[in-house]
Amino acid sequence: MNEAIFDRVAAGYDSWYETEVGKAADQVERVLAQTMFRPSGTRVMEVGCGTGQYTAWLVQEGYTLTAVDVSGEMMAKAQARIAAVGGQVHWWQADISEILNQLGKFHGIFSMTAFEFVPQSEQVLAKLFDCLVPGGCLLIGVIAGNSPWSDYYQEVARKKPTSVFARAKLYTEENIRDWQVGGRLELGQCLFFPPAVATAAEALALEERREGRAGFIVAKWVKE
Ligand SMILES: C[S@@+](CC[C@H](N)C(=O)[O-])C[C@H]1O[C@@H](n2cnc3c(N)ncnc32)[C@H](O)[C@@H]1O
């Protein structure tokens, strides 16, 4: 199993969502991913559920949900979040690369900001695509390579080699278009403001202009 590098950051992970820039980033990423995710039925898997930021939404949507994460500490936070709001989830603490032959079939597979940390992401995604029923979709959201946000995270990693970002691989839209995953690919972009923005209001004003390189990519493969 890959080392669960997020175990040691789980305690403080959600504090990002309380910052001005974190709130704005979450808002624009959430709108894009939630709009694009259109599973063909109720059986859904979330890969890299983390502290449950999106798990709660997937439960609210009424999906029969399997949530996978390699980090026990992150998943414990997700479990506490779902226990507080109510809802059924099949929790599966595992490295996704190691359970690809045990997954079964899904109408939708959803993953936000996790594939940056999954080695051999193209191969793993192709195997996940095989787990979709016809009409199903596989959606990932990732920090965009070659953007102000990848520059920022690379600097974080340079200054602090123990940071989780030192383990991240950041992909460009061109990289993702080259991947052989399967089906029809749709791409969406957001995060058109820089990490150094001062307020959420300023961030959202910049987001409306959609200028420069996007910091976040949502990719969806649909099995036709
Ligand atoms: C940056 S967090 C994102 C969590 C959540 N999706 C969110 O948007 O807040 C990445 C999560 O992916 C998980 N992860 C990374 N590699 C994984 C793997 N190979 N298998 C399963 N989970 C993995 C980490 O443990 C972590 O909880």
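Among the listed residues Ser150, Ser97, which satisfies the condition of being over 16 Å from Val68 (Cβ atoms), of a type outside the set (Phe, Trp, Tyr) and assigned to a helix (DSSP H, G or I)? After applying the criteria, what remains is Ser150.
Restricting to the range 60-73, and then to whatever is farther than 24 Å from Pro134 by Cβ and surrounded by fewer than 22 Cβ atoms within 10 Å (Cβ to Cβ), can you tell me which residue is farthest from the ligand (Cβ to nearest atom)? Once the filter is applied, the top-ranked residue is Gln60.
Go over the candidates Gly86, Gly48 one by one and state the one that is at positive phi and either of a type in the set (Val, Ile, Thr) or within 13 Å of the ligand (Cβ to nearest atom) (or both). Show your work before the answer.
Working: Gly86 fails: either of a type in the set (Val, Ile, Thr) or within 13 Å of the ligand (Cβ to nearest atom) (or both).
Of Gly86, Gly48, the one residue that is at positive phi and either of a type in the set (Val, Ile, Thr) or within 13 Å of the ligand (Cβ to nearest atom) (or both) is Gly48.
Of all residues in the range 32-49, none satisfies being within 15 Å of the chain's Cα centre (by Cα), closer than 21 Å to Cys137 by Cβ and basic (Lys, Arg).
Against the criterion of being within 13 Å of the ligand (Cβ to nearest atom), β-branched (Val, Ile, Thr) and in contact (Cβ under 8 Å) with a residue 24 or more places away in the chain, Thr113 qualifies.
You will find that of Gly62, Gly41, the residue that is outside any strand (DSSP E or B) and free of Cβ contacts under 8 Å to residues at least 40 places away in the same chain is Gly62 and no other. Filtering Glu211, Glu202 for residues that are assigned to a loop (DSSP other than H, G, I, E, B), farther than 16 Å from Gly141 by Cβ, acidic (Asp, Glu) and modelled with pLDDT of 95 or more leaves a single hit, Glu211. Does any residue of the range 170-182 turn out to be of a type outside the set (Phe, Trp, Tyr), over 26 Å from Lys127 (Cβ atoms) and more than 16 Å from the ligand (Cβ to nearest atom)? No: zero hits.
Of all residues in the range 1-32, those satisfying the criterion of being charged (D, E, K, R), more than 9 Å from the ligand (Cβ to nearest atom) and either farther than 21 Å from Ala200 by Cα or in contact with a Lys or Arg (Cβ under 9 Å, 6 or more places away or on another chain) (or both) are Glu3, Arg8. Using the structure shown, decide if Gly182 is modelled with pLDDT of 95 or more, on the phi > 0 side of the Ramachandran plot and surrounded by 15 or more Cβ atoms within 10 Å (Cβ to Cβ). Criteria met by Gly182.
For Val44, the conditions (1) farther than 20 Å from Glu29 by Cα; (2) surrounded by fewer than 24 Cβ atoms within 10 Å (Cβ to Cβ) are fulfilled apart from (1). Among the residues of the range 50-59, those that are in contact (Cβ under 8 Å) with a residue 40 or more places away in the chain and not β-branched (Val, Ile, Thr) comprise Gly50, Gln53, Tyr54, Leu58.
The values are calculated or read from the model by the stated rules, or taken from the named source; none is laboratory data. It should be emphasised that the depicted structure is a prediction, and the values quoted were computed from it without experimental measurement. As a convention, Cβ positions derive from the backbone with ideal geometry for all residues, glycine included, and neighbour counts pool all protein chains shown.
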